[in-house]
Amino acid sequence: MQILYILWRVIYHWSTFSKGIAFLYISTTTISVLLWNLLRSSSTPTYAADGSLRSSGEDLNAEGLTAYCFDVIYITWFVAITTAIVSEKFWYTYLLIPGYALFKLVPLAMSYLGAMKGAGPEMEDTSAGKSKRQQKMEKRGGKVKFVR
């Protein structure tokens with residue numbers, strides 16, 4: 001991927017290559033290479049001195065951080081190809097990464113803040129000595145069964 005970018009963008013379209021584009025390219029490629037090396041080293045099995053298996057390595061099909069690392073690498077490859085061939089505006093594709101992080105973190109933060117807000121004195125007034133389940137059952141007209 002990176003060779004395509006260098007051949008096409010740097011050599012063939014040198015007139016449009018600037019210091020800002022060079023900085024973006026070098027920084028994103030560095031991040032991509034670091035993530036690739038992180039994934040490679042975490043998936044490599046390790047052995048003890050006697051030859052026994054110490055760790056079989058991480059599963060690269062796992063969800064979570066491993067999947068996010070692959071996503072950043074794929075976005076870097078996509079941006080390298082599209083900015084070399086199509087347009088420099090594809091650098092904005094990198095905004096997907098913080099956008100997705102906000103998409104995942106904002107609901108989590110809102111639920112945490114909502115849980116904190118609900119733990120105040122308002123919570124004590126609504127309970128009035130009965131649990132929510134008991135209140136719901138009484139509203140429905142059902143009998144409340146107490147088990148001890």
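The values are calculated or read from the model by the stated rules, or taken from the named source; none is laboratory data. Being a predicted model, the structure only gives us computed values, none of them experimental. Backbone-built Cβ (ideal geometry, glycine too); neighbour counts: all protein chains shown.
What the table below lists for this structure:
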| item | result |
| --- | --- |
| Members of the stretch 89-131 that are assigned to a helix (DSSP H, G or I) and modelled with pLDDT under 80 | G114, A115, M116, K117, P121, E122, M123, E124, D125, T126, S127 |
| Whichever residue in the stretch 40-88 is in contact with a strand residue (DSSP E or B) (Cβ under 7 Å, 6 or more places away or on another chain) and assigned to a loop (DSSP other than H, G, I, E, B) and, among such residues, is farthest from K19 (Cα to Cα) | A48 |
| Output for the stretch 72-89, where each listed residue is surrounded by 13 or more Cβ atoms within 10 Å (Cβ to Cβ) and either small (G, A, S) or within 24 Å of L39 (Cβ to Cβ) (or both) | V72, I73, I75, T76, W77, F78, V79, A80, I81, T82, T83, A84 |
| The lone exception for R9 - which of (1) on the phi < 0 side of the Ramachandran plot; (2) outside any helix (DSSP H, G or I); (3) modelled with pLDDT under 85; (4) not aromatic (F, W, Y) it fails | (2) |
